[in-house]
Amino acid sequence: MRAAIVKDGVIAIQDVPVPEPGAGQVRVRVRAASVNPVDWKLASRAAPGATSTPGRDFAGVIDAVGPSVTKWKVGDAVIGVYPGTFDPPTIAHVAIAEAALHQADLERVDFALSRVTLGKEERADVDRRQRALERLVAGRPELGVVVTDAQLIIDIAAGYDVVVMGADKWAQVNDPAWYPSVAARDAALARLPRVLVAPRPGFATSGAEILALDADHGAVSSTAARAGQYDYVSPAVRRRLIVDAMNVIGSRPDGWWRDRDGAARRLIGALQAFARRSGDRVAVVLDGRPLPDYPEGRHGGVLVAYATRGGRNAADDRIVAEVERDRDPGSLTIVTSDRDLQTRVRARGASVESPSVLLSDLESASP
């Protein structure tokens, strides 16, 4: 067999003997694999003369099991893929992935994002959606995130043993209108691995294996979540942001200094649109006198707050005070590039995000 071998910090493909699984082990015939950053990092730190076989991200089928293995058998699928736009990831997306894990006895389900989504070419904000999914899967090794140039489910599913989709997508996959001919449709369907379909009201599910799901999830949609049904958004995705307003405004030389109040209003408006789309809980802290049309308080889903004194670092002190009094500072993300403020809030348990990331999200959330 061919395998990637690390020697003296270099990864090379070599012919090696086929391994036999030991006690509690399984052997997987790999159909698709990728290079995990950890593989490169371990290779670069390898001791002189040391050899190892890297590999963490792969999909395939078990072709041998060792002694005492009871959960797996030869022929079992290992990895499934769940393509979608996930804008935003909802409680239904999580329930579907978990149902697939258990029903197909999968080791992992990958949420798959296309860089350009078929039929939704205007949705190019894949980086924002990828970050949301990465928050969703954090600490859950049974869930993964992949980004692909492939658009068709047939191509996205290549190399996987199971593909997961909603009944609406299954209807689309079976619709001859998406193919040059019925024969082309049938040939494409024949290329699919095992298919697991999440039922949705109004869509047929014939020809596929149906996932066992709570009926309430059928009404959950990302469209409804973006329209304000924030309880549909997965709690693991929703963030609590405190925005250092003048730091974010000042990160772009767009002439903001000619109209500071106007710049503050534009930022608040952008944050309101972002909060409506994402379901994130957003607060923004400004310096100077309060804007008459935005007194301290909640406005359009955004909490507007002001420094409680004048002078240098006044807004920073207000942000730090809010972090200190918060019951769960570890769930707070402070948006700032101010290194001193970053140090202060991190010391109190909050995390930090750069203004460039937020500004990218704001642009993608604008009408």
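Identify, among GLY262, GLY139, ALA158, the residue whose Cα sits farthest towards the positive end of the charge dipole of the chain, taking +1 on the Cβ of Lys and Arg and -1 on the Cβ of Asp and Glu, with the dipole about the Cα centre.
Of the listed residues, the answer is GLY262.
About the Cα centre of the chain, what is the dipole size in debye to 20, counting +1 per Lys and Arg Cβ and -1 per Asp and Glu Cβ, all else neutral? All intermediate terms of the calculation are to be shown ahead of the outcome.
Values: 47 positive and 47 negative charges, 121 e Å.
Charge dipole, the chain, about its Cα centre: 580 debye, nearest 20.
Once amide H atoms are built 1.01 Å from N in the peptide plane, which residues 5 or more positions from VAL28, or in another chain, come under 5 Å H to H?
Hits under the 5 Å cutoff: ASP63.
For segment 313-328 and segment 11-25, compute the distance between their C-alpha centroids and round to whole Å.
For segment 313-328 versus segment 11-25, the Cα centre distance is 54 Å.
Give me the distance in nm between label points sitting 7 Å out from Cα along the Cα-to-Cβ direction at GLU209 and LEU189, one decimal.
1.8 nm
Give the label of the value calculated from the structure for semi-axes √(5λ) of the Cα gyration tensor in Å, choosing from [x] 44, 28, 18; [y] 28, 25, 20; [z] 50, 34, 27.
For semi-axes √(5λ) of the Cα gyration tensor in Å, the calculated option is [x].
Can you tell which of ALA4, PRO67, GLN130 lies farthest toward the positive end of the dipole of the chain, using +1 and -1 charges on the Cβ of basic and acidic side chains (Lys, Arg; Asp, Glu)?
GLN130
Neighbour counts of other C-beta atoms within 10 Å: give me VAL147, VAL6, VAL109 arranged from fewest to most.
Working: VAL147 14, VAL6 19, VAL109 26.
Result, fewest neighbours first: VAL147, VAL6, VAL109.
Within a Cβ distance under 11 Å of ARG281, other residues only, what is the Lys/Arg minus Asp/Glu net charge?
Details: positive: ARG238, ARG239, ARG240, ARG298; negative: ASP280.
Within the 11 Å Cβ shell, the charges total +3.
Gap in Å between the Cα centre of segment 188-220 and the Cα centre of segment 279-303?
For segment 279-303 versus segment 188-220, the Cα centre distance is 43 Å.
Positive end of the charge dipole of segment 79-232 (Lys, Arg +1 and Asp, Glu -1 on Cβ, about the Cα centre): tell me which of TRP170, THR85, ALA219 has its Cα farthest that way.
THR85
When a footprinting reagent is the concern and you count Cβ atoms within 10 Å, what order do MET165, MET246, MET1 take, fewest first?
On the way: MET165 25, MET246 22, MET1 10.
The most exposed by this proxy come first: MET1, MET246, MET165.
Once amide H atoms are built 1.01 Å from N in the peptide plane, which residues 5 or more positions from ASP110, or in another chain, come under 5 Å H to H?
Sorted by chain and number, the residues that satisfy this are GLY80, VAL81, TYR82, GLY144.
Hey, fewest Cβ within 10 Å first, where do GLU134, GLU107 land in order?
Numbers: GLU134 13, GLU107 20.
Lowest count first: GLU134, GLU107.
Each value in this text was obtained by applying a stated rule to the coordinates, not by laboratory testing. The shown structure was predicted, so the numbers you read here are calculated from the model rather than taken from an experiment. Note: ideal-geometry Cβ built from the backbone for every residue, glycine included; neighbour counts use all protein chains shown.
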